[in-house]
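Comments concern the structure below.
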Amino acid sequence: MKLKEINRTAIQAWSPEQQHPIYLAAGTSAQQLDATFSTNASLEIFEFDLTDPTLAMKSCGSFSSPHRYHKLVWGPHGIETEGMPSGVLIAGGENGDIILYDASKIIAGDSEVIISQSEKHTGPVRALDVNSFQTNLVASGGNESEIYIWDLNSFSSPMTPGPKTQPPEDISCIAWNKQVQHILASASPSGKASVWDLRKNDLIIKVSDHSNRMHCSDLAWNPEVATQLVLASEDDRMPVIQMWDLRFATSPLKVLENHTRGVLSIAWSVADPELLLSCGKDNRILCWNPNTAEILYELPTSAQWCFDIQWCPRNPAVLSAAAFDGHISIYSIMGGSNDNDITAQADQLSSSFGNIDPFGMGQTLPPLQLPQPTTSQNTVTPLKKPPKWIRRPMGASFAFGGKLVTSDNINPTSQQTQQSAGRIVHICQVVTETDFIKRSNQLQTTLTSGNFLQYCQTKIDAAQNIFDKTVWSFLKVNFEDGARGKYLELLGYKKEELALKIASALDGHCKSDEANMLEKNSSAEENAEPPAEEISVSDEIPVDEEERVLEKTSIIEDSTSPSKDAMNLKVSKDIDGLITQALLIGDYEAAVSLCLHDNRMADSIILAIAGGPELLVKTQKKYFTKTQTKISKLISAVVMKDWLDILKTCELQNWKEALAAVVTYAKPEEFSSLCSLLGSRLEATEDTELQAQACLCYICAGTVEQLIACWAKAQESNSPLSLQELVEKVVVLQRAVQKAQRGIAPDMGALLAEKMNQYASLLASQGSLETAISYLPTDTQQVAVQELRERLSRALGQQPAVTAVNPAVMQNVQPAAPAAVPVQTYTPHQPQPPQTAAPSGPPQYYHQTEPLPPSFGLQSPVSVPASNPLIYSQQYQRPQNGWNDPPTLHRVPKKKKIPDNYTPPAPITAPIMNPLGDPSAPVPPAMQTHLPQVPDQPASPANFTPIQQHPLGPLNRNPNMPKLNMEGAPGAPIGDVIKSIPTEKITKKPIPEEHIVLKNTFEGLIHKCLAAASDPQTKRKLDDAHKRLEYLYDKLREQTLSPAILGGLHNMARSIESRSYTDGLNIHTHIVSNSNFSETSAFMPVLKVVLTQANKLGV
């Protein structure tokens, strides 16, 4: 893309890399005239300002010179010392002059800008170059093989690199080596290049082309390889650029040929050695990769020769080209648009004419109407590859599984080219959560060994607070015998301590709350001074005396009472009499009701026991209704086994007592739901301490999902360690529930699946891929879980298991573990016994779902699916021929020998389905032929679909017709009755689900090729291939292909999906060369034809 333009026919030079802003110096070119034929000469400096949208460059300074120039260079000498802040301009004149200019003074507009000058050369100075290591050294070349080395610090006395070459000739170009500071090269129009060593002060080598037609116009050293240089030929008969290596100087290393006429100038980019510019008499400016001789870029130029081209030292993407049309153009190799150039030309035309009347017609010119070119004409394509200065010197990226991938671009050594230099890629494992991985490994070890008791005890010992210790204690109980008893002990109820308390209470040392209350009331009454008449005798009797009084009273009562042997059944009219009457007639319920009415609770319970279970339950309910004490509800729940009401109404502060009662009395089938109910009440309260205790209830209940929800609510932090704590508790609880359910794993909820997916992702990010995939749930349909499983499977080199099963094809799936065996020692499974199907329905097929085989490789073990062969009623074996082989010949069975007494049968004059001699009789229903409905199958020459026939039965013979002897007739059934041959329809097995992708991929590719093909012969090949692929599909149905071939076919399918047909052909060759020919000859040539046609058609 053109950036700027200078309307000068001049020699150019860019300011040094250290100079900012960027300047371009232009000196009037010798032996050239501009359009005005002016003989004046000048040296101008222009500023390169990309902020200005116009093409014109701003002139910063100008100096009228008496000299015209053949060569102009701008060196950085003096910039660092600030003696000359913009460096030195060195010009080679047409009269042997070398003039030094102070660039800063030209920019400032001073009149005294010349630093020094010399006329040492005898002819024009056409070659100049500044040493990049010692910027005070300048080399110049002129006529008569004159080469001088100038020191800018002492300009008056130059030195020579060695003796002059013979015969004397003009020096057309000169260049310092970019790697070795004392090596200098010069070239002459005769095509010879000389290399000088200034330390030896001598010529060390000459390079020349044997064709002797090489007229050297320019030379340039490789910026990185010290022994390589390029020479440009301006001869129209040999418009080439030769790349030489001085170590092999007998012939050019490479020849760049694309110019049609002589090359006038070249420039090798210092910033990127893979960019070489050239311009020539064919009006073209080309950018080459000299290492590959490939053209990377062609600049849009005018219809004039470009005689000088240079890279900008400070901005490596910018270059300048001086042409004979009087313009110096500045371009960018990064692409862009030429709209500014077109607009500038239109503006120039408009400004030239303006709105005046140029032809005296009294009318102004209408506005200039420019055609609107298309975008494609204005847009310039950039380089084919990014230049070195915008390439990343190094790169780093995190990959799946905690892998850190880093790369760096190592600079090639002198013995290597940049193209062949290796690139180093480092892959390392990054672990940021060491404590998390350590604890995860401990958990994984416990899951493998099953030693959960020791694991829980370790967690109890390491617990930081009482709550964690309690949680792990509850989890530990699940793996011990007598779990409920251990739960009671953890809740503070130990049988030994309770027995001691009960014994103490029975000894009289402990009283109930009611007794204590009565005792307090009695003591209060004693402290008060009651009236004298209210004091009873009993209050003054001591305890011992009171006991003696009671004994005497009982003796008196016993003496006055009737004998114990005599029973009084007298029926009175009081309550006792009514109870007696009810008992005498056997009405227990009425007796119980009377006892309850009289508040005789003990009698009512005893009678209810005698009355049966139903009466006892009713009595218990009435008792608990009438009796209201602090523990009556508890007693009611114990007796009635109604713990649901207790858990719904109890105070949550007494949650331990409620949980202990459930642990003691709840039935096994109710235990989990009751514990969950108590946990839900605790979780719903606003007290944070009680909310945390809900976890213990969920642990007792074994409800993993509720435990996760409660724990996630209590944990505010999302750190990896908090997630690890949750997973530890959940996994241990899962194993406990699985143990309690005799090996049946609990169901996986959505929240648990989400947490496990998060945990697996975290493990994968730390590089524990195998551990991560073991924690992923298998019975969930969450998209995130399935995606992570697929990524983990691919990262581990496994094929993700096929989870989607077509219910129409899959019937009675029987899971079976695949046998993992190496490919070389593949042994097929023995066929299972056939399944007997009902005769009225279709046969039942047993299909095994297996993961796809791993990626194709001879050394990798694969999973061999167990085969369940389909038992046909009649089997049909296809010929195992190649798809181009001739069909197999089948011999016609020999006809039966005709006996001597053979009598030919009567001619058939009626359909065979009708009775003989009665054509009009209707056909019996049992004799009608019904063709089966066969599903659509791909067209194949080997398809075999026999017509289903029904038994014809005995034919009704016309009694008027004579009985014929039909024995011995050739090809006819033997006997009186035509016997039918029973045949059944052959139904093909479905292709296994894991191999359906092969059929879809291959047929899809054939359809694409058919759509793109225009040649009838190609279409016939593809049609034939489509038919013959049925051989492959049959082998897939029968599961007779070896795992190595199956793996290779799946790799071919993947290469087809990525349109890498060349890789597919390579895999095809590998399969054919490493497999049994008889196993693959029926279909592998077909696949080769399809892949070849797809590659040719570019579908």
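Working carefully through the options A712, A692, find the one that is in a helix (DSSP H, G or I), closer than 17 Å to D468 by Cα, touching a helix residue (DSSP H, G or I) at 6+ places or on another chain (Cβ under 8 Å) and at pLDDT below 80. Before you say what the answer is, go through the steps one by one.
On the way: A692 fails: at pLDDT below 80.
Checking each option against the conditions leaves just A712.
Just the residues that are in a loop (DSSP other than H, G, I, E, B), within 20 Å of Q242 (Cβ to Cβ) and more than 41 Å from the chain's Cα centre (by Cα), please, taken from segment 272-314. Quick ask: steps written out before the conclusion?
First, pick out the residues of segment 272-314 that are in a loop (DSSP other than H, G, I, E, B): 272-275, 281-284, 290-293, 300-305, 312-314.
Then keep just the ones that are within 20 Å of Q242 (Cβ to Cβ); that gives 273-275, 281-282, 284, 290-293.
Answer for segment 272-314, where residues must be in a loop (DSSP other than H, G, I, E, B), within 20 Å of Q242 (Cβ to Cβ) and more than 41 Å from the chain's Cα centre (by Cα): K281, D282, R284.
Being β-branched (V, I, T) and assigned to a helix (DSSP H, G or I) is the filter; apply it to segment 431-462 and report the residue that is nearest to the chain's Cα centre (by Cα).
Per the criteria, the residue is I437.
Can we say K459 is under 25 Å from E689 (Cα atoms) and open to solvent by less than 40 Å² (accessible area, probe 1.4 Å)? Give the steps one after another, and end with the answer.
Working: under 25 Å from E689 (Cα atoms): yes; open to solvent by less than 40 Å² (accessible area, probe 1.4 Å): yes.
Yes, satisfied.
Kindly indicate which of G577, G586 is part of a loop (DSSP other than H, G, I, E, B) and over 60 Å from the mean Cα position of the chain (by Cα). Let's see the steps before the verdict.
Details: G577 fails: part of a loop (DSSP other than H, G, I, E, B).
After applying the criteria, what remains is G586.
Based on this model, can you work out whether L723 counts as open to solvent by less than 10 Å² (accessible area, probe 1.4 Å) and of a type in the set (A, V, I, L, M)? Steps first, answer last, please.
Numbers: open to solvent by less than 10 Å² (accessible area, probe 1.4 Å): no; of a type in the set (A, V, I, L, M): yes.
When the stated conditions are applied, L723 does not pass them.
Output the number of the condition that P316 fails; it satisfies all remaining conditions of (1) surrounded by fewer than 21 Cβ atoms within 10 Å (Cβ to Cβ); (2) touching a Lys or Arg at 6+ places or on another chain (Cβ under 7 Å).
(2)
Given the conditions (1) more than 20 Å from Q738 (Cβ to Cβ); (2) out of contact with any Lys or Arg (no Cβ under 6 Å at 6 or more places or on another chain); (3) surrounded by 21 or more Cβ atoms within 10 Å (Cβ to Cβ), which single one is not true for D687?
(3)
Residues that are among the hydrophobic types (A, V, I, L, M, F, W, C), free of Cβ contacts under 8 Å to residues at least 60 places away in the same chain and surrounded by fewer than 18 Cβ atoms within 10 Å (Cβ to Cβ): which strands (runs of 3 or more DSSP E) entirely in segment 62-135 hold 1 or more of them? Lay out the reasoning, then the answer.
Numbers: elements: 69-75, 88-93, 98-102, 114-118, 127-130.
So the answer is 114-118.
For residues in segment 1067-1096 being of a type in the set (G, A, S) and outside any helix (DSSP H, G or I), which is surrounded by the most Cβ atoms within 10 Å (Cβ to Cβ)?
Of the residues in segment 1067-1096, the ones of a type in the set (G, A, S) are 1073, 1075, 1078, 1081-1082, 1094.
Now drop any that are not outside any helix (DSSP H, G or I), which leaves 1075, 1081-1082.
On the way: S1075: 18, S1081: 18, A1082: 23.
Within segment 1067-1096, the match that is surrounded by the most Cβ atoms within 10 Å (Cβ to Cβ) is A1082.
Hey, can you tell me all the residues within segment 243-269 that are among the polar types (S, T, N, Q) and surrounded by 16 or more Cβ atoms within 10 Å (Cβ to Cβ)?
Here is the first cut: in segment 243-269, the ones among the polar types (S, T, N, Q) are 250-251, 258, 260, 265, 269.
Those that are among the polar types (S, T, N, Q) and surrounded by 16 or more Cβ atoms within 10 Å (Cβ to Cβ): N258, S265, S269.
Can you spot a residue in segment 234-242 that is β-branched (V, I, T), surrounded by fewer than 17 Cβ atoms within 10 Å (Cβ to Cβ), modelled with pLDDT of 90 or more and not in a loop (DSSP other than H, G, I, E, B)? Quick ask: steps written out before the conclusion?
Pass one, segment 234-242, residues β-branched (V, I, T): 240-241.
If we keep only those that are surrounded by fewer than 17 Cβ atoms within 10 Å (Cβ to Cβ) too, we end up with none.
So far as segment 234-242 goes, no, none of its residues is β-branched (V, I, T), surrounded by fewer than 17 Cβ atoms within 10 Å (Cβ to Cβ), modelled with pLDDT of 90 or more and not in a loop (DSSP other than H, G, I, E, B).
So for segment 751-772 (the condition being of a type in the set (K, R) and open to solvent by 50 Å² or more (accessible area, probe 1.4 Å)), does at least one residue qualify?
We begin by selecting, within segment 751-772, every residue of a type in the set (K, R); these are 755.
From what's left, open to solvent by 50 Å² or more (accessible area, probe 1.4 Å): none.
No, segment 751-772 has no match at all.
Assess whether F46 counts as being under 57 Å from the mean Cα position of the chain (by Cα) and assigned to a strand (DSSP E or B). Write out each step before concluding.
Working: under 57 Å from the mean Cα position of the chain (by Cα): yes; assigned to a strand (DSSP E or B): yes.
Yes, satisfied.
Is there a residue in segment 1000-1016 that is open to solvent by 40 Å² or more (accessible area, probe 1.4 Å) and within 17 Å of P1085 (Cβ to Cβ)? If you could, list the steps in order and put the result at the bottom.
Just the residues of segment 1000-1016 that are open to solvent by 40 Å² or more (accessible area, probe 1.4 Å), to begin with: 1000, 1007-1008, 1010-1012, 1014-1016.
Narrowing further to those that are within 17 Å of P1085 (Cβ to Cβ): none.
No, the conditions are met nowhere in segment 1000-1016.
So which strands (runs of 3 or more DSSP E) stay within segment 159-233 end to end and still have 2 or more residues that are of a type in the set (G, A, S) and surrounded by 15 or more Cβ atoms within 10 Å (Cβ to Cβ)?
Working: elements: 173-176, 183-187, 192-197, 202-208, 216-221, 228-233.
The strands (runs of 3 or more DSSP E) meeting that bar are 183-187, 192-197, 216-221, 228-233.
Would you be able to tell me the number of residues in segment 1057-1066 that are assigned to a helix (DSSP H, G or I) and surrounded by fewer than 22 Cβ atoms within 10 Å (Cβ to Cβ)? Please lay out each step first, then the result.
First pass over segment 1057-1066, keeping only residues assigned to a helix (DSSP H, G or I): 1057, 1061-1066.
With surrounded by fewer than 22 Cβ atoms within 10 Å (Cβ to Cβ) added as a condition, the list becomes 1057, 1062-1063, 1065-1066.
Summing the residues that are assigned to a helix (DSSP H, G or I) and surrounded by fewer than 22 Cβ atoms within 10 Å (Cβ to Cβ) in segment 1057-1066 gives 5.
The values are calculated or read from the model by the stated rules, or taken from the named source; none is laboratory data. Here the structure is a predicted model, which means the values were calculated and not measured. Glycine also receives a Cβ, built like all others from the backbone with ideal geometry; neighbour counts cover every protein chain displayed. SASA here: full protein model, heavy atoms, side chains in, ligands and nucleic acids out. Shrake-Rupley method; radii C 1.70, N 1.55, O 1.52, S 1.80 Å.
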